[in-house]
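Here's the structure we're looking at; comments come further down.
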Amino acid sequence: MKTFYSTAHLAHAPTLEFEMGRMGPAVEVPERVERVRAEIEARKLGPIHEPREFGNEPLLRIHNPDFVGFLTTAHAQWTKRYGEREAADAYPSVWPARGLRERRHGDIESQLGSYAFDTATPITKGTWAASHAAANAALSAAQAIREGERASFSLARPPGHHASADVFGGYCYLNNVAIAAQWLADAGMRPAILDVDYHHGNGTQAIFYRRDDVFFASVHADPAFAYPHFLGFADELGEGNGEGFNLNLPLPRGTDWGGYSLALATALDAIAAFRPDVLLVSLGLDTYEHDPICRFRITTEDYLRIGARIATLGKPTLFIFEGGYHIEALGRNTANVLEGFVGG
Ligand SMILES: [Zn+2]
């Protein structure tokens, strides 16, 4: 298992977010990745490599150029408008809801409202640098698969699965798994994506919703009660050419291994029927029983089983780090999935 990691993620360190009815300390923080790196080293789960630079081209295969331009300049625009302050992260505060006009080229407030879908995802001074580096890590891990590795792991942040072609949110700015899947598809491979994060991968779904060349399956908390609230229901099957290539398996509050493993088996069966030649896993660990913002009951031991189950597909597999907010257990849980896969 080759892991791709760089310190570039440290540049993105939000301090506050507004979510779940309160303004509080950010949970998507640099220590997450550092804990996982330390665990991989301690358990000797394979070499850790520095990602290479892929430039903007692979990002633009997925993301709208104006959106990428916005991400690169948003924090500078915000600072120009409001000055350098202690809490200088950029947050949207107004949205073009029904009856209002979207203004993607307006002032910074209207740009933030036009491109963001929540208040949990601040743009910091280092957001673009870290996001771009996270995409490079995902692409480097994809390249390792392309060159014949059985498994690779992109250990980077910010995560990506909530970001769509031109919308950011859910702590995500660039959709790393979609960028890697597209890069592999462009290299002639047939990718399937399995999203095991607690939250539905609404961005990934939106990106591939009308396509039949990338299969997307997601096992997640029912959006009837859980974030992202507006997407991830079982009746979303894909549209046009993409009909039948999107599978959502929403699960109730309190789901444990019993219910989870059945849904995972259903997702893996559907992926096998698609006959992919590469699997990408959006690896979220926020399904953990003690995660501070989530409500499933997956245990540390269960993560070994999740890895082993994924291995039964027998496909080259690229794991991409997504959510997971229980700092103490995050390293162990992540490494268990990888170890379960390698031993499975
Ligand atoms: Zn999540």
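Once the dipole of the chain is set up with Lys and Arg at +1 and Asp and Glu at -1 on Cβ about the Cα centre, which of Leu313, Ala134, Phe296 lies farthest towards its positive end?
Going by the Cα projections, it comes out as Ala134.
For helix 300-311, report the angle its Cα long axis makes with the longest principal axis of the Cα atoms of the chain; keep it between 0 and 90° and round to the nearest 10°.
That works out to roughly 70 degrees.
What shape does the stretch 110-160 have by the C-alpha gyration tensor, where a ≥ b ≥ c are the square roots of the eigenvalues, rounded means a/c under 1.5, and otherwise prolate means a/b greater than b/c and oblate the rest?
On the way: a/c = 3.30, a/b = 2.86, b/c = 1.16.
Note, shape of the stretch 110-160 comes out prolate.
Top to bottom by accessible area (1.4 Å), largest first, where do Val29, Val196, Val94 land?
Values: Val29 35, Val196 5, Val94 80 Å².
The ordering from most to least exposed comes out as Val94, Val29, Val196.
Using only protein heavy atoms and a 1.4 Å probe, report how much of Phe4 is accessible, in Å² to the nearest 10.
The value for Phe4 is about 20 Å².
Among all the lysines, which ones have a C-alpha under 25 Å from Lys2's C-alpha, if same-chain residues fewer than 8 places away are not counted?
Reachable lysines: Lys44, Lys315.
Just the number please: accessible area per residue for the chain, 1.4 Å probe, all protein chains included, in Å². Numbers along the way, then the final one.
On the way: 13480 Å² over 344 residues.
Result: 39 Å² of accessible area for each residue.
What lysines sit close enough to Lys125 to cross-link, taking a C-alpha to C-alpha distance under 16 Å and skipping anything fewer than 8 places away on the same chain?
Leaving aside lysines fewer than 8 places away in the same chain, those within reach of Lys125 are Lys80.
With runs of 4+ DSSP H residues as the only contributors, calculate the mean residue ellipticity of the chain at 222 nm using -39,500 (n - 2.57) per run, divided by the residue total and rounded to the nearest 500.
Details: 10 runs with 127 residues, N = 344.
That calculation yields -11500 deg cm²/dmol at 222 nm.
Sort Met1, Met23 by heavy-atom solvent-accessible area, probe 1.4 angstrom, most to least.
Details: Met1 40, Met23 110 Å².
Descending accessible area places them as Met23, Met1.
What is the percent carbon and sulfur in the accessible area of the stretch 211-344, measuring with a 1.4 Å probe over the protein chains and ignoring ligands? It would help to have the intermediate numbers written out before the result.
Details: 2590 of 5020 Å².
After summing per-atom areas, the C and S share lands at 52 percent.
Going by a ≥ b ≥ c, the root eigenvalues of the Cα gyration tensor, does the stretch 35-90 fall in the rounded group (a/c under 1.5), the prolate group (a/b larger than b/c) or the oblate group? Could you put the intermediate results ahead of the total?
Values: a/c = 4.12, a/b = 1.57, b/c = 2.63.
Since a/c reaches 1.5 but b/c is at least a/b, the shape of the stretch 35-90 is classed as oblate.
From the Cα gyration tensor of the stretch 24-153, with a ≥ b ≥ c the square roots of its eigenvalues, which class applies: rounded if a/c is under 1.5, or else prolate if a/b is larger than b/c, or else oblate? Please report the intermediate quantities before stating the final value.
Working: a/c = 2.58, a/b = 1.74, b/c = 1.49.
Judged from the Cα gyration tensor, the stretch 24-153 comes out prolate (a/c at least 1.5, a/b above b/c).
When ranked by the protection proxy of mean other Cβ atoms within 10 Å per residue, highest first, what sequence do the peptides 313-323, 264-274 form?
Values: 313-323: 24.5, 264-274: 16.8.
The packing order, highest mean first, is 313-323, 264-274.
To the nearest 10 degrees, how steeply does helix 31-42 sit against the main Cα axis of the chain, on a 0 to 90 scale?
With both axes taken from Cα atoms, the answer is about 30 degrees.
What is the distance in Å between the Cα centroid of the stretch 13-45 and that of the stretch 283-313?
Rounded to whole Å, the Cα centres lie 17 Å apart.
In degrees between 0 and 90, to the nearest 10, how far off the longest principal axis of the chain does helix 65-82 point, with axes built from Cα atoms?
Once rounded, the angle reads 50 degrees.
Quick one: work out the % antiparallel among DSSP beta bridges in the chain, nearest 5. The partial results should precede the final answer.
On the way: 6 of 37 bridges.
Around 15 percent antiparallel, to the nearest 5.
Rounded to two decimals, what is the ratio between the C-alpha radius of gyration of the stretch 191-344 and 2.2 N^0.38 Å? Mind showing how you got there, number by number?
Numbers: Rg = 14.2 Å, N = 154, 2.2 N^0.38 = 14.9 Å.
Normalised by 2.2 N^0.38 Å, the Cα Rg of the stretch 191-344 equals 0.96.
The values are calculated or read from the model by the stated rules, or taken from the named source; none is laboratory data. Being a predicted model, the structure only gives us computed values, none of them experimental. Cβ atoms come from the backbone with ideal geometry, glycine included; neighbour counts cover every protein chain shown. Heavy atoms of the whole protein, side chains included, go into the accessibility calculation; ligands, DNA and RNA do not. Shrake-Rupley method; radii C 1.70, N 1.55, O 1.52, S 1.80 Å.
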